[in-house]
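Enquirer: Have a look at the structure that comes next, please.
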Amino acid sequence: MATLNDIGVAAAINILTALAFFLAFAMLRIQPVNDRVYFPKWYIKGLRSSPLVNGSAFASKFVNLDLRSYTRFLNWMPAALQMPEPELIDHAGLDSAVYLRIYLLGLKIFGPIALTALTVMIPVNWSNNTLEHSGLTYSDIDKLSISNIPIGSHKFWTHLVLAYGFTFWTCYVLKREYEIVAAMRLHFLASDQRRPDQFTVLVRNVPPDPDESVTELVQHFFLVNHPHHYLSHQVWSLTSTLKIIPSSITFSLLQLVYNANKLSELVNEKKKIQNWLDFYQNKYKRNPLKRPSLKTGFLGLWGNRVDAIDFYTSIVERLSRDICGEREKVSSNTKSIMPAAFVSFKTRWGAAVCVQTQQSRNPTTWLTEWAPEPRDVYWENLAIPFVFLTIRRLIAAIAFFFLTFFFMIPIAIVQSLANIESIEKALPFLKPIIEVKFIKSFIQGFLPGIALKIFLLFLPTILMMMSKFEGFISLSALERRFASRYYFFQFINVFLGSIITGTAFQQLNHFIHQSTSQIPKTIGVSIPMKATFFITYIMVDGWAGVAGEILRLKPLIIYHLKNSFLVKTEKDREEAMDPGTIGFNTGEPQIQLYFLLGLVYAVVTPILLPFIIVFFALAYVVYRHQIINVYHQEYESAAAFWPDVHVRVVAALIVSQLLLMGLLSTKEASQSTPLLITLPVLTICFHRFCKGRYEPAFVRYPLQEAMMKDTLERAKEANLNLKGFLQNAYIHPVFKSADESDSESESESEWERSPALVATKRTSKRFTPMPSKDGGSVLSLDQVNDECLKP
């Protein structure tokens, strides 16, 4: 068990490590050769140019020779805090700005709680000698916990009153923050520039029809069932042929979903070969007297030597023919068309009505949801049939259960490192080495935290594979599912697993020599004493880990390796920058673990709270700097993740209340149980209130807001060409090639010439009140409207 001296050694190691990381970052960031690593966001925005080009002297292109800049090496900290929040939203997006508010939320909650707990509960806990006569293994820090209060003491009323106070304060801060973020989201949607996802609905599980193809069925369905919000119909095929049926009121644009996974592989392969061709062509331009050549064998080490430009030109031509053939194959194969489509409307109001209403009497067909932002679409999963999603998610849930269960083994190993006494009893020959003071302090104060961090390194890759297997069609949905599973995993293994296995190792001798009825009491006393392990973990992960994030050591090394050996063109250099993203899927669950630890131990072991506050303050500054200068978000969800943040903090609050209830029951403080039962009930009622009051802003688009935005847009841009803005928005990236641009001008003229009629092949009357003949009948929109108005 870690003692006060062990915690001091761990704190010294982690503080020195963090300072070393900050100092290294301050030196590396001002070197011109590292400029693209530490300021990639400004390069992507086109607001920064490479100093390697502008420098005069050769040395100044790689090393900063301005000695005065080294005296200002910490100016990045105030610079990170200077950008106001509205400007930050314009610069990095609402997702990034709201993500930073999670750290502020932690400071707002735990600042007053820590001040109160340290000034009130530390003296109450310290003024007892219960642990000295308990026979349990403990340290000096444990005397500051609730475990040091004697059984049946009236001092537990202090903890009970503060539990109520901390709960009310946390709920108040959560409500205020939920209200602020909801208002920020609505304001962002109202003031944000026009985006395709505001007009577009994803329609899934289109039912099969014997008379019509998916194209004709979706086209016919929306013409009939949305007649007052329909102007034209645009169907994209893989050969870029447009079938357009305009009318006179409003407009909808349809883009079908194709299974283009094989075509995507061919296009990606062509891009790689084209990059090599560009490299050798640039090389030949620099030295026209010598044609570049290469060997065709493995890695160019053996084989026939051929002209490099001719070799890669032939491969590009072959791949181009394969791509055209695959496109033709997919376009002629009806099985490649998925029963789903992106349907875009002329107005936000029309899209909001469609997505928030049931489209068919059968609630399992014609399912509508807001389309993800085009950058947010995960195209590979669009090819998964809707009926398979439930099966996939069941398989993923079972796999996740076994992953969580079997991960208890490394957790037990980590906890064994935190209990030297148990190791010495099991392996007595190691006692002379372990008893060396510094080694013992290092093992107990630093090694458990870093070992747990190492065991968790491979977890994100596994969880992301599971999320992709479940079939989510947007990156944001993938990350939110990933985050929920990651948080649950950390709650079971890192939190509960560490407490249970740690208590077993810690009090093993006590367990063996006591009756079964006394084991719950031993666990109740030992839970607060596990705070020492979590303190070491917070320092490793929350102090040194956050400082290591700003150093970006891995991207720095990879960038220079790529720049030295793999970069062939300027495009390669841009891709080598790898700015990364904010990492909501891994970052937010990790933050939630700190909320859980803080709320659980605020009443039982408040000495842990200052370590958490240091984490929130340090992380806020570091990640604000990274968001401004480094991270480049792949998508913008307008803070759609905030309900998940809120519910996980509420869950942590309820867990803290239940654990306190169980802990006091082992302390024979039965008179407090009725009052403690009220706390979870009140917290759940608070959550239901927030869910009903604020969550709709994150899952629905108010029709009032949509109409207001549409009206303002029509007043400001009367001649807006919305069709041109939407027609290419949801085309699969592999179809957006240069050789397809020819058809755009043809589609423009065809759009203008086409009659206001739609051809149908239906013989049934399931979706239309009018009869239609196979291949011959046409139905005008006016006729449909007349039929819809008939009684």
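The values are calculated or read from the model by the stated rules, or taken from the named source; none is laboratory data. The structure presented is a predicted model; accordingly, all values stated were derived computationally and were not measured. Glycine also receives a Cβ, built like all others from the backbone with ideal geometry; neighbour counts cover every protein chain displayed. Areas reflect the complete protein model, heavy atoms only, side chains present, ligands, DNA and RNA absent. Shrake-Rupley method; radii C 1.70, N 1.55, O 1.52, S 1.80 Å.
Enquirer: Taking the condition touching a Gly at 6+ places or on another chain (Cβ under 9 Å) and either modelled with pLDDT under 85 or outside any helix (DSSP H, G or I) (or both), does Leu294 pass? First the steps, then the outcome.
Expert: Details: touching a Gly at 6+ places or on another chain (Cβ under 9 Å): yes; either modelled with pLDDT under 85 or outside any helix (DSSP H, G or I) (or both): yes.
Spelling it out, Leu294 is indeed touching a Gly at 6+ places or on another chain (Cβ under 9 Å) and either modelled with pLDDT under 85 or outside any helix (DSSP H, G or I) (or both).
Enquirer: Here is a follow-up. Can you pull out every residue in the range 117-130 that is surrounded by fewer than 17 Cβ atoms within 10 Å (Cβ to Cβ) and free of Cβ contacts under 8 Å to residues at least 60 places away in the same chain? Can you show your working first?
Expert: Residues of the range 117-130 surrounded by fewer than 17 Cβ atoms within 10 Å (Cβ to Cβ): 118-120, 122-123, 126-129.
Correct list: Thr119, Val120, Pro123, Trp126, Ser127, Asn128, Asn129.
Enquirer: Being modelled with pLDDT of 80 or more, aliphatic (A, V, I, L, M) and in contact with a Lys or Arg (Cβ under 9 Å, 6 or more places away or on another chain) is true for just one of Leu463, Leu459. Which residue is that?
Expert: After applying the criteria, what remains is Leu463.
Enquirer: If the Cβ limit is 9 Å and pairs must be 6+ apart or interchain, which residue in the range 26-50 that is closer than 16 Å to Phe62 by Cβ pairs with which residue that is open to solvent by less than 50 Å² (accessible area, probe 1.4 Å) and small (Gly, Ala, Ser)?
Expert: Taking only residues 6 or more apart or on different chains, the pairs are Ile30/Ser69; Pro32/Ser50; Pro32/Gly55; Pro32/Ser60; Asp35/Ser50; Arg36/Ser50; Arg36/Ala576.
Enquirer: Find the residue count for the range 527-581, including only residues that are without any contact (Cβ under 8 Å) to a residue 40 or more places away in the chain and within 21 Å of Tyr620 (Cα to Cα).
Expert: Count: 1.
Enquirer: Does Thr137 satisfy being of a type in the set (Ser, Thr, Tyr) and modelled with pLDDT under 85?
Expert: Numbers: of a type in the set (Ser, Thr, Tyr): yes; modelled with pLDDT under 85: yes.
Against the criterion (of a type in the set (Ser, Thr, Tyr) and modelled with pLDDT under 85), Thr137 qualifies.
Enquirer: Now, a different point. Do you know which residues across the range 690-728 are exposed (fewer than 13 other Cβ atoms within 10 Å of the Cβ) and either in contact with a strand residue (DSSP E or B) (Cβ under 7 Å, 6 or more places away or on another chain) or more than 28 Å from Lys346 (Cα to Cα) (or both)?
Expert: Gly692
Enquirer: Another one. Give the range 266-290 a look and list any residue that's assigned to a loop (DSSP other than H, G, I, E, B) and open to solvent by less than 100 Å² (accessible area, probe 1.4 Å), or say none.
Expert: Asn287, Pro288 - these are the residues of the range 266-290 that are assigned to a loop (DSSP other than H, G, I, E, B) and open to solvent by less than 100 Å² (accessible area, probe 1.4 Å).
Enquirer: Where the second residue is of a type in the set (Ser, Thr, Tyr) and open to solvent by 10 Å² or more (accessible area, probe 1.4 Å) and the first is closer than 22 Å to Pro363 by Cβ and lies in the range 207-220, which pairs have Cβ atoms under 6 Å and are six or more apart or on separate chains?
Expert: Pro207/Thr365
Enquirer: Taking the conditions exactly as written (closer than 28 Å to Pro606 by Cα, assigned to a helix (DSSP H, G or I) and of a type in the set (D, E, K, R)), does Arg648 satisfy them or not?
Expert: Answer is yes for this residue.
Enquirer: Going by what's in this entry, would Leu254 be described as in contact with a strand residue (DSSP E or B) (Cβ under 9 Å, 6 or more places away or on another chain), open to solvent by less than 50 Å² (accessible area, probe 1.4 Å), at pLDDT below 80 and farther than 19 Å from Cys324 by Cβ?
Expert: yes
Enquirer: Would you mind listing the helices (runs of 4 or more DSSP H) fully within the range 492-602 where at least 3 residues are modelled with pLDDT of 70 or more and open to solvent by less than 40 Å² (accessible area, probe 1.4 Å)? Give the derivation first.
Expert: On the way: elements: 498-506, 508-512, 519-529, 531-537, 545-551, 553-565, 570-577.
Helices (runs of 4 or more DSSP H) meeting the threshold: 531-537, 545-551, 553-565, 570-577.
Enquirer: Leu189: over 28 Å from Asn728 (Cβ atoms) and hydrophobic (A, V, I, L, M, F, W, C), yes or no?
Expert: no
Enquirer: Further, regarding this structure: Which fully enclosed helices (runs of 4 or more DSSP H) of the range 299-415 have 1 or more residues being at pLDDT below 85 and crowded, with 20+ Cβ neighbours inside 10 Å?
Expert: Helices (runs of 4 or more DSSP H) meeting the threshold: 308-332.
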